[in-house]
Amino acid sequence: MAKLKLEYIWLDGYTPTQSLRSKTKVLDSSKFSGKLEECPMWSFDGSSTEQAPGGSSDCLLKPVALFEDAGRKNGYLVMCEVLSADGSPHPSNGRATIDDDDGDFWFGFEQEYTLWVDGAPLGFPNGAGSYPAPQGPYYCSVGASNAFGREIIEEHLDICLESGLNVEGINAEVMAGQWEFQIFAKGAKRAGDEIWVARYLMERVGEKYGVSINWHCKPVKGDWNGSGMHANFSNTTLRTAGSKAVFEEICEKFSGTIQECIAVYGADNDQRLTGLHETQSIDKFSYGVSDRGASIRIPIAAVQNGWSGYLEDRRPASNADPYKVAAAIIKTVKG
Ligand code: ADP
Ligand code: MN
Ligand code: MN
Ligand code: MN
């Protein structure tokens with residue numbers, strides 16, 4: 001009888017940026033046929049993850065999304081919410097704060113990140129303190145002079161697709177060694193689940209190559225692009241608006257929730273949202289059609305489509321928690 005390997009994945013309690021943790025549960029194939037409902041609840045030592053005191057250390061893992069693990073024999077990936085011992089959502093559990101039970105919100109996250117070796121991006125010469133030619137040629141580049149780490153990101157793409165993640169595309173980004181993948185899902189929770197599992201797989205593929213993944217939003221100071229996680233979102237209202245006024249009304253709502261949004265859009269985002277490098281500064285709010293220097297961009301496609309479609313909030317950083325980002329956006333739109 002086959003033994004199955006279920007990797008339970010959750011977020012720790014570190015602040016201001018939570019990290020991935022995981023451990024393996026081996027199940028007999030007689031007890032598991034590949035359905036989420038069959039994944040048992042589990043627990044872990046919350047005192048080792050800043051989620052509980054040592055004296056009462058148990059936190060609970062509640063399986064919420066299941067994927068195949070294309071990189072592991074008989075493997076599955078089980079994304080979990082963290083609950084306190086009494087079964088209530090743990091304070092670190094951003095997913096539980098998302099108000100989208102009907103799945104009306106669709107999200108497409110553009111996750112940027114930097115491949116990192118010896119304290120510098122892959123492709124930077126001689127590690128920290130040395131710089132390659134100024135940025136310009138690296139974005140969507142091909143060729144060994146400008147594209148660094150393709151083998152790694154190709155392996156990541158394949159493993160994501162084979163595991164059932166809805167990756168919609170990948171591209172080399174503006175800084176050397178910086179890349180992006182996009183994931184789309186109908187339902188905010190599902191989109192967050194897929195981003196976190198894709199991050200997990202990115203970390204794991206990186207291990208094979210001795211390359212770590214730097215999720216920081218401004219990994220190299222100076223005239224180098226930071227890393228974002230643009231949040232493209234829509235609900236039925238936006239998708240069927242047919243009205244410029246509806247788009248503007250929703251954009252205006254965000255001018256009233258700047259602090260709430262920025263609070264969960266990622267640590268050190270002030271280093272990235274400077275008004276340079278295709279960003280609006282962190283203390284300003286603006287929106288505009290096709291405007292990549294705005295906080296929120298109205299894609300030209302929405303206009304061409306008779307003012308129906310989606311919006312792009314460009315402020316979320318690469319190191320933000322997509323669950324908390326989605327929760328803040330939904331709260332703003334519904335507010
Ligand atoms: P850019 O780099 O030009 O900002 P990308 O192509 O990288 O754009 O990302 C655009 C994202 O928008 C994709 O992830 C896509 O899934 C998402 N998207 C497209 N339509 C919708 C929609 N109706 N609702 C939410 N997201 C959407
Ligand atoms: Mn993009
Ligand atoms: Mn990008
Ligand atoms: Mn974008």
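Annotations for the structure displayed:
- Residues that are surrounded by 18 or more Cβ atoms within 10 Å (Cβ to Cβ) number at least 2 in the following strands (runs of 3 or more DSSP E) confined to region 42-113: 58-68, 75-83.
- When restricted to residues that are surrounded by 15 or more Cβ atoms within 10 Å (Cβ to Cβ), part of a loop (DSSP other than H, G, I, E, B) and polar (S, T, N, Q), region 11-41 contains 2.
- Members of region 193-233 that are within 16 Å of ligand 4 (Cβ to nearest atom) and open to solvent by less than 10 Å² (accessible area, probe 1.4 Å): 195, 217, 227, 228, 229, 231, 233
- Qualifying residue in region 275-294 (condition: in the same structural domain as residue 191 (by TED's automatic domain parsing), of a type outside the set (A, V, I, L, M), touching a helix residue (DSSP H, G or I) at 6+ places or on another chain (Cβ under 9 Å) and closer than 21 Å to residue 199 by Cβ): no
- The lone criterion from (1) under 17 Å from residue 205 (Cβ atoms); (2) away from ligand 2 (no atom under 16 Å from the Cβ) left unmet by residue 103 is number (1).
- The lone criterion from (1) more than 23 Å from the chain's Cα centre (by Cα); (2) modelled with pLDDT under 95 left unmet by residue 275 is number (1).
- Selected residue (only one of 293, 288, 275 is farther than 29 Å from residue 214 by Cβ and either within 12 Å of ligand 4 (Cβ to nearest atom) or small (Gly, Ala, Ser) (or both)): 288
- Complete set of residues in region 293-327 that are among the aliphatic types (A, V, I, L, M) and open to solvent by 30 Å² or more (accessible area, probe 1.4 Å): 300, 301, 303
- Test: residue 185 is within 16 Å of ligand 4 (Cβ to nearest atom), assigned by TED's automatic domain parsing to the domain that holds residue 314, surrounded by 16 or more Cβ atoms within 10 Å (Cβ to Cβ) and under 25 Å from residue 333 (Cα atoms): no
- Filter result for residue 165 (modelled with pLDDT of 95 or more, out of contact with any helix residue (DSSP H, G or I) (no Cβ under 6 Å at 6 or more places or on another chain) and not assigned by TED's automatic domain parsing to the domain that holds residue 73): no
- Residue match in region 248-268 (condition: within 25 Å of residue 149 (Cα to Cα), within 16 Å of ligand 4 (Cβ to nearest atom) and at pLDDT 95 or above): no
- Flag for residue 164 being without any contact (Cβ under 8 Å) to a residue 24 or more places away in the chain and surrounded by fewer than 21 Cβ atoms within 10 Å (Cβ to Cβ): no
- Pairs meeting the criteria (first residue in region 104-116 and under 20 Å from residue 272 (Cβ atoms), second residue open to solvent by less than 10 Å² (accessible area, probe 1.4 Å) and away from ligand 4 (no atom under 16 Å from the Cβ), beta carbons under 6 Å, at least 6 apart or on different chains) are 114/121; 114/177; 115/177.
- None of 88, 163, 92 is more than 24 Å from residue 227 (Cβ to Cβ) and away from ligand 3 (no atom under 16 Å from the Cβ) except 88.
- Scope region 188-220; condition touching a Pro at 6+ places or on another chain (Cβ under 9 Å) and either of a type in the set (Phe, Trp, Tyr) or assigned by TED's automatic domain parsing to the domain that holds residue 66 (or both); matching residues: 196
The values are calculated or read from the model by the stated rules, or taken from the named source; none is laboratory data. Remember, it's a predicted structure, so these values are computed and weren't measured experimentally. So basically every Cβ, Gly included, is an ideal-geometry build from the backbone, and we count neighbours across all protein chains shown. For the accessible areas, the whole protein counts, side chains as well, though only heavy atoms, and no ligand, DNA or RNA atoms are used. Shrake-Rupley method; radii C 1.70, N 1.55, O 1.52, S 1.80 Å.
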